[in-house]
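Working notes, beginning with the structure itself.
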Amino acid sequence: MRKFWKREPTVNENADKPSSGNVLKMVTLRNGQFFCFDGKLYESDIVRACIRPKVKAIGKLVGKHIRDDPKAGGLKVNPDANIRFLLSEPNPYMTGQQMQEKVANQLCLNNNAFILIVRDENGKPMQLYPVPCVSVEAKYNDSGELFMKFLYGNGKTGVFHYSDIIHLRQDYNDNDIFGTSPIPVLTPLMNLIGIMDQGIVNAIRNSNVIRWLISFRQSMRDEDIKKYVQNFVDNYLAVESTTFGAAGIDSKADIQRIEPKDYVPNAMQTEKVVDRLYSYWGTNKKIVQSSYTEDEWTAYYEAEIEPVVVQMHQIYTVALFSRKERGFGNRIVFEANNLQCASLTTKLAFQAMVDRGAMTPNEWRETMNLAPIEGGDQPIRRLDTQVVNILEDMLNKMNGENYVQMTALMGQLLKNAYLEMHGGGEKNET
């Protein structure tokens, strides 16, 4: 992708010495057979469970190009086919939903996510690629322009102008460029979970160690010792033994029971550690296990997903459009149909919004998981709401000369609307 980069940073003697705090280490995904926390957050089942609802919700966002210019015909949705394809098919290898999920994973794991904008010779965005990097370094040239130097997993590097990067970030605090890394906060918790898991595994393994020790009071041959021990096991430890748990020995040996001393954390301790991870990612058990109610999902959406949606609105708009284009009302929005998880009663209540033109029939049908219908993209108005508008217009036109006629007409309109709503009687012509 280097061939698409048109602006080389000016080389200076301090270029390889970034200022303190401007190098970001990313959480990378490396292969390993056994998980023991060393920065590989994504290899933990608890971590994946915590971030998956947020990742899936961000992946379901639908990006749209909006142009709101009163001088050019008012508001238009997806007026530019190139931008529409860019949002739905960002590159030849992934769809918009897949790229948004990949970026959301990086955002949750690193509090930073980067998307490279590949432009044509005229500077128009043509493709979008998530940047799979190991570390990121902020660099400035002599003119003060900011560049991002990415180190990839294969050891290669890439340098791109910051204006060609869509940079999403969370926990934006002590650094001017990057969001604060979660590693210092999560390292103690992940180490603790790793130790607890290993303790349980070791306890299971130690369940097969020696439980009985037979001490013989006189010297015996090895084969006699093995025969004596085998007889003891067959007679007293076997499941099908007829001695009913009672054991007897002669004066040749002493038998001692050995109790294992392995420590296994109790359920309450384990749940408290997991709850701390839930709290860090702003989730809970019901969200993770998809057993939430409508109100619980709404609270989670507003706290965790909506801030990312707002950030995506603004970052995509600034990155994909010039200042002049933004001045003509061009912007990117990401729609989230949060009504999919609403109850049937709530969905049916939205028919009132359809009657009043606030929603189109197809928008309402989408919440019910129904296919769109022909003509369903046009807003409709109920008769009684139309009457209200007519009455308001007549009141504005009423004066001292026509008030009698206007009053009669208004009364007739209200009567007709009443009969229309209740389906009875014949309407009078006005």
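The values are calculated or read from the model by the stated rules, or taken from the named source; none is laboratory data. Since the structure is predicted, the reported quantities are computational estimates derived from the model, not experimental observations. Reconstructed Cβ throughout: ideal geometry from the backbone, glycine too, with neighbour counts over all protein chains shown. Ligands, DNA and RNA are excluded from the accessible area calculation, which covers all protein heavy atoms including side chains. Shrake-Rupley method; radii C 1.70, N 1.55, O 1.52, S 1.80 Å.
Quick rundown of the values:
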| read-out | value |
| --- | --- |
| Placed amide H near Y172: partners under 5 Å, 5+ positions off or other chain | T180 |
| Sites K226 and R276 - FRET efficiency at Förster radius 60 Å, r taken between beta-carbons, to 0.05 | 0.70 |
| Amide H partners (placed H, <5 Å) of S135, local residues excluded | M26, L151 |
| Greater than 23 Å apart at Cα, pairs in K60/K124; K56/K156; K54/K286; K54/K139 | K60/K124; K56/K156; K54/K139 |
| Share of carbon and sulfur in the accessible heavy-atom surface of the stretch 34-160 [1.4 Å probe, %] | 50 percent |
| Pairwise FRET efficiency - D171 versus D142, Cβ, R0 = 41 Å, nearest 0.05 | 0.80 |
| Peptides 68-77, 267-276 ordered by average Cβ neighbours within 10 Å, highest first | 267-276, 68-77 |
| Label-point gap, in nm, between A358 and F85 - each point 7 angstrom along Cα→Cβ | 3.8 nm |
| Local electrostatic count, N78, Cβ distance below 10 Å [Lys/Arg +1, Asp/Glu -1] | +3 |
| Full-extension gain in nm, A349 to I195, via 0.36 nm per residue minus C-alpha separation | 50.3 nm |
| In sequence order, calculated HN-Hα J values of the stretch 106-123 (Karplus, 6.51, -1.76, 1.60; Hz; x Gly/Pro) | 5, 5, 5, 7, 10, 6, 8, 8, 10, 10, 8, 9, 9, 10, 7, 5, 9, x |
| Gain upon complete extension [S215, D295; 0.36 nm per residue less C-alpha separation] | 22.1 nm |
| Added length on full extension, which subtracts the Cα-Cα distance from 0.36 nm per residue, V318 to Q378 | 18.5 nm |
| ³J(HN,Hα) computed for each position of the stretch 124-135 - Karplus, 6.51 cos²θ - 1.76 cosθ + 1.60, integer Hz, glycine/proline x | 7, x, 10, 9, 10, 10, x, 9, x, 10, 8, 8 |
